[in-house]
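J.: There's a structure below that I have some questions on.
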Ligand code: SF4
Ligand code: MG
């Protein structure tokens, strides 16, 4: 089995106010293949960050199972928890907020090692210097403080910090969204290089499809706490099946003006509903141009329509039924 992480029917609900539940992550299942980059995409508030944070146990799950390298993440023993901490690390959107402003770069990067009792004494300094060079910074930067760095440099520090414990999986929560476009490519290239050298697996969280296009092997599209489509990056762009994915893709600018004219921009109706009171049936139905009666009464299942291409939409059942009916009709 090539899967490094398996997420099965994971739910993370938060209670808000009286008897109300915010269903941030609602019955999500997927797995990560060792060494791949898996993009997780959706508008802000769709639950993608909550999902990432639940996977590193910043939140306790509401229901479901998560297995990492054979370890039951939510039933882990103390020694398994230490192992999980070393093997799964996270990078955040705002590296400034995730670094202690009063700690030197040395102490920030070494924090995880210190907690785990690794690389003590002289080795601590050597290891931090080596990590700084790995991410394209200088060893002399170790004695400085986060405010002395640019956004891109801070994200490099965040990456060095994540690498310190030699993780196998890195959950990157919008690691480039806050950076200038020119810096974004540099960070993406650094992440790709590190992946190649170290066989890292990435869960790459982003709010728009253009950001994950060049880095992801596979992509899952999330809407209101649920995965609505999951497939390889290539088939998602070439042949999106879910109306939400189709709308997201139509919003990505194409550099070629001729193509731009020919493409139809799909405008989503209305606002993103609240995850406290999500629509019945299909969660996307209040914004879907194809919504039918059945969409209000029954939740579409995430089904495999082509090898490795999953989507949750009643329209696909309808189209399939029509095709089958047409095929079985005698001439
Ligand atoms: Fe649209 Fe219905 Fe498909 Fe939901 S199930 S995406 S509402 S057609
Ligand atoms: Mg977020």
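J.: Go through (1) free of Cβ contacts under 8 Å to residues at least 40 places away in the same chain; (2) in contact with a strand residue (DSSP E or B) (Cβ under 6 Å, 6 or more places away or on another chain); (3) within 11 Å of ligand 1 (Cβ to nearest atom) for residue 244 and report which single condition fails.
T.: With (1) free of Cβ contacts under 8 Å to residues at least 40 places away in the same chain; (2) in contact with a strand residue (DSSP E or B) (Cβ under 6 Å, 6 or more places away or on another chain); (3) within 11 Å of ligand 1 (Cβ to nearest atom) applied to residue 244, the lone miss is (1).
J.: Any residue in the range 88-98 that is touching a helix residue (DSSP H, G or I) at 6+ places or on another chain (Cβ under 8 Å) and free of Cβ contacts under 8 Å to residues at least 24 places away in the same chain?
T.: Taking every residue of the range 88-98 in turn, none turns out to be touching a helix residue (DSSP H, G or I) at 6+ places or on another chain (Cβ under 8 Å) and free of Cβ contacts under 8 Å to residues at least 24 places away in the same chain.
J.: Identify the single condition in (1) more than 23 Å from residue 201 (Cβ to Cβ); (2) within 16 Å of ligand 2 (Cβ to nearest atom); (3) surrounded by 20 or more Cβ atoms within 10 Å (Cβ to Cβ) that residue 128 does not satisfy, given that it satisfies every other one.
T.: (2)
J.: Select, from 260, 264, the only residue that is at pLDDT below 90, farther than 30 Å from residue 21 by Cβ and either touching a helix residue (DSSP H, G or I) at 6+ places or on another chain (Cβ under 7 Å) or within 16 Å of ligand 2 (Cβ to nearest atom) (or both).
T.: Within the list 260, 264, the selection yields 264.
J.: Further question on the same structure: When you check residue 211 against the structure, is it within 14 Å of ligand 2 (Cβ to nearest atom), at negative phi, modelled with pLDDT under 95 and not in a loop (DSSP other than H, G, I, E, B), yes or no?
T.: Yes: the conditions hold for residue 211.
J.: Let me ask another. Condition test on residue 276, is it in contact with a strand residue (DSSP E or B) (Cβ under 7 Å, 6 or more places away or on another chain), closer than 24 Å to residue 170 by Cβ and away from ligand 1 (no atom under 12 Å from the Cβ)?
T.: Against the criterion (in contact with a strand residue (DSSP E or B) (Cβ under 7 Å, 6 or more places away or on another chain), closer than 24 Å to residue 170 by Cβ and away from ligand 1 (no atom under 12 Å from the Cβ)), residue 276 does not qualify.
J.: Residues that are away from ligand 2 (no atom under 16 Å from the Cβ), farther than 15 Å from residue 219 by Cα and out of contact with any helix residue (DSSP H, G or I) (no Cβ under 6 Å at 6 or more places or on another chain), at least 3 per element: which strands (runs of 3 or more DSSP E) completely within the range 1-77 meet that?
T.: In the range 1-77, 3-16, 20-33, 63-68 are the strands (runs of 3 or more DSSP E) which contain 3 or more residues that are away from ligand 2 (no atom under 16 Å from the Cβ), farther than 15 Å from residue 219 by Cα and out of contact with any helix residue (DSSP H, G or I) (no Cβ under 6 Å at 6 or more places or on another chain).
J.: Follow-up question, since we're still on this one. Which of (1) within 16 Å of ligand 2 (Cβ to nearest atom); (2) under 25 Å from residue 34 (Cα atoms) does residue 97 not meet, given it meets every other one?
T.: All conditions pass for residue 97, except number (2).
J.: Do you know which residues across the range 132-152 are part of a loop (DSSP other than H, G, I, E, B) and under 19 Å from residue 193 (Cβ atoms)?
T.: Once the filter is applied, which keeps residues that are part of a loop (DSSP other than H, G, I, E, B) and under 19 Å from residue 193 (Cβ atoms), the range 132-152 yields 135, 136, 137, 138.
The values are calculated or read from the model by the stated rules, or taken from the named source; none is laboratory data. Just so it is clear, the model here is predicted, and its values are computed rather than measured. Cβ coordinates were reconstructed from backbone atoms using ideal geometry, including for glycine residues, and neighbour counts include every protein chain displayed.
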